[in-house]
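So the structure is just underneath, and the comments pick up after that.
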């Protein structure tokens, strides 16, 4: 008998290969209903590929994705609970997507989601002042982002993924999106995964952060817990080295006799006292740069 795994989306050993490139490698993760996750990583880290496999838009080379214990691949029941509203890339591939009007795109998207809320879609179209009669190739980057937000929110899917939802939006519309996200989350208990490069302004809404590097899961952790164990230590190199001995150290920077490092405390570990150093707490963007930046 299969164990009950209510309100979870689980991937096990999820892998995607393209010829000689491994885009996602042995990825294991559980998403729980009722959380907002932030998915962050550098360009090419595998974020979009991961989300496309979690929503069955892209077949995995290996591994499995399960919704409440059911394999999602070619499973209409499971997929009715999952929405991946990805970036609209018109491109020049001759697909004809750019010739589609915005209202046609939204209407087509609505067909895939049994819980689609047209009233919400209409409300957001009005709020965004979106001209739905225009063709997609005549819309700005920000307007295309508005469409992805409309599809994501109106889908009412239990597990909803958005890929760079605020790309091209001005600061007013970005603030509106985050407020809308929190209101919908609070009202419905839906799960959202937001993939974004604009980390600093989005971090406040992320209950958990998922960090990817080179196609692999680097960490998945409660955002507050992660920040509470992350510090930047600066001072004379010898003093910094003595203080951080035995700690998880990242992003070492040396200037003359001075040294700065980022440390991530392990469970039960505390910063030792009595050292002549400067200790600074970090925000999520600082932690990301330390773990996924350009190296030592």
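No value in this document is a laboratory result; all are computed from the given coordinates. Quick caveat: nothing in here was measured; it's all calculated off a predicted structure. Here Cβ is always computed from backbone atoms with ideal geometry, including for glycine, and neighbour counts include all displayed protein chains.
Points worth noting:
- Equivalent ellipsoid, segment 229-292 (semi-axes from 5 times Cα gyration tensor eigenvalues, Å): 17, 15, 10
- Placing R0 at 51 angstrom, the Cβ-Cβ distance between residue 99 and residue 279 gives a FRET efficiency of 0.35 after rounding to 0.05.
- Along its principal axes, the chain has C-alpha extents of 65, 51, 42 angstrom, given from the largest down.
- Working from Cα pairs under 8 Å separated by at least six residues, relative contact order for the chain is 20 percent.
- Virtual paramagnetic centre 7 Å along Cα→Cβ of residue 119, amide N under 17 Å, in segment 157-180: 157
- When the Gaussian network model of the chain links Cα atoms closer than 10 Å, the mean-square fluctuations of 238, 99, 87 top out at 238.
- Cα-derived Rg to Rh of segment 53-165, Kirkwood definition: 0.99
- Taking each residue as 0.36 nm, the span from residue 134 to residue 170 lengthens on full extension beyond its C-alpha to C-alpha distance by 10.9 nm.
- Simple spin-label estimate for residue 108 and residue 253 in nanometres, 7 Å along Cα-Cβ: 4.7
- Per-residue [θ]222 nm for the chain (sum of -39500 (n - 2.57) over DSSP H runs n ≥ 4, rounded to 500): -8500 deg cm²/dmol
- Percent of alpha-carbon pairs separated by more than 26 Å within segment 72-228: 29
- The slack in the chain from residue 64 to residue 289, taken as 0.36 nm per residue of separation less the alpha-carbon distance, amounts to 77.9 nm.
- Length gained when the stretch residue 207-residue 234 is fully extended (0.36 nm per residue, less Cα-Cα span): 6.8 nm
- FRET efficiency, 1/(1 + (r/R0)^6) with R0 22 Å, evaluated for residue 224 and residue 187 via beta carbons: 0.45
- Spatial separation of Cα centroids for segment 266-283 and segment 127-196, in angstrom: 39
- For segment 221-264, the Kirkwood estimate of the hydrodynamic radius, built from every pair of different alpha carbons, is 10.9 Å.
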